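Worksheet: the structure to be examined is printed underneath.
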Amino acid sequence: MPQRPGRQFLQVPGPTNVPDRILRAMHRPALDFSSPDFMDIATQCLAEIKPLFGTSGEVFFYTASGHGAWEAAFVNLFRPGDTILMPETGRFSRTWGEMAKTLGLHVETFESDWRTGIDADRVEEALRADAGHDIKAVLAVHVETATGVASDMPALRRAIDAAGHPALLVVDAIASFMTTPLPMDEWGIDVIIAACQKGLMMPPGLSFNAVSDRAYAVSREGGTLRDYWSWKARLDMEQYRRFAGTAPEHLFFGLLEAIAMINEWGTDAVFARHRRLAEAVRRCAACWTRGGALEFNALRPAERADSLTVMRCADGADADMIRFTARECFDVAIGGGLGLLAGKVVRIGHMGDLNDPMILGALAGVEATLRRLEIPHESGLTEAVQFLSETAADPDRRPDGRRWLDPASD
Ligand SMILES: *Cc1c(COP(=O)(O)O)cnc(C)c1O
């Protein structure tokens, strides 16, 4: 098969597009990992990632998928028999909960319809009912990537405080880190679990535990027997052993570049860009729903995530056929349904390195798919173009303050 022309649009909800700048930064020979050259890069990454989490606590790096960082948080904080409260949000919270059970934890949960966010009032009630303070922590998925629903993290903090309960707040931010604000210290979050291949625009392979002083203290008293995952062991190590083995050097070369890019933009601009592009997708998708064959999976507009949009198919429309056709006929890769939503939804990722024409191209590819499959819909492309045109930044500006359109300034 000859290679297809052009680029495939990567709109799955992770991994996301890796910017050329990051690819180029990674394109270099390996280094002696105890050399000052590498040490400087690692030290800079370790220091500069903290403000991105909004924490003065420690951030631990694992050469692992997000699942590895999940397990790291579990074994550092809990031991078999401990009780945790983990409200269900969708397939990712379920898998995370199954991991907890495998590790011997007692998991309390509330089932969910996979279409709405975590009910903070129920969390408060459950904590109030736990007079003996058996519940060690509330564990929540911020943006549930199976459903496209974002839950309200400050509301969870308020619920824990209102119940006067000492439970830790542990958040899976794998799909929200660097797409959506989640200032850890300000919002009273004890542990954030993140990974590099979504908002951080990196190839997969690095994941993180950002840990408050309080959570670190809890881990010193509790937790499971552990070595590789141990926060303490890593903190006690000499710098070059912080990774409990060979450092994933090329991921660090890429990470340093990713952090530099984000700092050049500023995190507020990164979050605003995600919000704006997500809104363009939602405006377009709202038109699609008028044909009656598609609807938003997230029932409450305010809970629709800025990281991805999940569209649900009415009976008769085959979600996997949409996904397959979009990829094979129109070179737009979108995600399919997971768990209970398998075959029922498509998931359009809009995280990471994206701009207006990329989003419009992806939407056009999906809309062409709907036409091709004769799935009833109204066109949403004009709506998306209209929204982007109204909200575009002023083109007549340069970093030095001179005006592009003023010939006298050249
Ligand atoms: C992607 C994702 C995960 C899993 O991350 P992996 O790196 O694939 O292990 C977990 N939780 C959420 C919310 C995610 O979006």
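Select from 129, 159, 173 the residue whose mean-square fluctuation is largest in a Gaussian network model of the chain (Cα-Cα springs shorter than 10 Å). Among 129, 159, 173, the largest GNM mean-square fluctuation belongs to 129.
Taking a Cβ cut-off of under 11 Å around residue 305, the surrounding Lys, Arg, Asp and Glu residues balance to a net charge of +1, with basic ones at +1 and acidic ones at -1. Taking the DSSP bridge list for the chain and keeping only pairs wholly inside it, about 60 percent are antiparallel. Comparing 189, 49, 118 in a Gaussian network model of the chain where C-alpha atoms under 10 Å apart are linked, the largest mean-square fluctuation is found at 49. Taking the centroid of alpha carbons for each part, region 23-53 and region 171-193 are 23 Å apart.
Rounded to the nearest 0.05, what FRET efficiency do residue 342 and residue 44 have when you use their Cβ-Cβ distance and R0 = 56 Å? With a Förster radius of 56 Å, E is 0.85. For the pair region 119-151 / region 321-375, the C-alpha centres are spaced 32 Å from each other. Rolling a 1.4 Å probe over the protein heavy atoms of the chain, with every protein chain left in place, gives an accessible area that is 52 percent carbon and sulfur.
Could you tell me which of rounded, prolate or oblate describes the chain, using a ≥ b ≥ c as the square roots of the eigenvalues of the alpha-carbon gyration tensor, with rounded for a/c under 1.5 and, failing that, prolate when a/b is larger than b/c and oblate otherwise? It is oblate, given that a/c is not under 1.5 and a/b is not larger than b/c.
Sort 16-26, 247-257 by packing, meaning the average of other beta carbons within 10 Å per residue, with the highest value first. All intermediate terms of the calculation are to be shown ahead of the outcome.
Details: 16-26: 17.0, 247-257: 21.4.
Sorting 16-26, 247-257 by mean packing, highest first, produces 247-257, 16-26.
Amide H contacts of residue 141: 172, each under 5 Å away and 5 or more positions distant or on a separate chain (H built 1.01 Å from N in the peptide plane; Pro and chain starts excluded).
Taking a Cβ cut-off of under 14 Å around residue 139, the surrounding Lys, Arg, Asp and Glu residues balance to a net charge of -4, with basic ones at +1 and acidic ones at -1.
For region 132-257, a/c is not less than 1.5, where a ≥ b ≥ c are the root eigenvalues of the C-alpha gyration tensor, and a/b does not top b/c. That puts it in the oblate class. When the Cα positions of 10, 92, 178 are compared along the charge dipole of the chain, 10 comes out farthest toward the positive end, with charges on each C-beta of Lys, Arg, Asp and Glu.
Between amide H atoms placed 1.01 Å from N, distances below 5 Å from residue 168 occur with 137, 138, all of them 5 or more places distant or on a separate chain. Running a GNM on the chain with Cα contacts under 10 Å, which residue among 208, 387, 53 ends up with the highest mean-square fluctuation? Fluctuation is largest for 387. Here the dipole of region 20-264 is about 400 debye; that uses its Cα centre as origin and unit charges on the Cβ of Lys and Arg (positive) and Asp and Glu (negative). Around the Cα centre of region 175-263, unit charges on the Cβ atoms of Lys, Arg, Asp and Glu (plus for the first two, minus for the last two) sum to a dipole of about 200 debye. The label-point distance for residue 37 and residue 393, in a model that sets each label 7 Å from Cα toward Cβ, rounds to 3.4 nm.
Summing Lys and Arg as +1 and Asp and Glu as -1 over all other residues whose Cβ lies under 11 Å from the Cβ of residue 375 gives a net charge of -1. Look at the Cα gyration tensor of region 81-172: its axes a ≥ b ≥ c give a/c of at least 1.5 with a/b at or below b/c, and that counts as oblate.
Each Lys and Arg contributes +1 and each Asp and Glu -1, all at the Cβ; summed about the Cα centre of the chain, the dipole is approximately 620 debye.
Length available on full extension from residue 98 to residue 275: 0.36 nm per residue minus the Cα-Cα distance, which gives 60.5 nm. Based on C-alpha pairs under 8 angstrom that are at least 6 apart in sequence, the chain has a relative contact order of 22 percent.
Packing, taken as the mean count of other beta carbons within 10 Å per residue, orders the peptides 229-238, 355-364, 64-73 from highest to lowest as 64-73, 355-364, 229-238. Accessible surface computed residue by residue for region 15-54, with neighbouring protein chains in place and a 1.4 Å probe, gives 53 Å² per residue.
Note on residue 232: aspartates and glutamates with a C-alpha under 13 Å away, same-chain residues under 8 apart excluded, are 58, 213, 221.
Close amide H partners of residue 296, meaning residues 5 or more places away or on another chain with modelled amide H under 5 Å apart, are 312.
The values are calculated or read from the model by the stated rules, or taken from the named source; none is laboratory data. All values reported here derive from a predicted model rather than from experimental measurement. All Cβ positions, glycine included, derive from the backbone under ideal geometry; neighbour counts span all protein chains shown. Side chains are part of the model used for accessible areas, which takes the heavy atoms of the whole protein and leaves out ligands, DNA and RNA. Shrake-Rupley method; radii C 1.70, N 1.55, O 1.52, S 1.80 Å.
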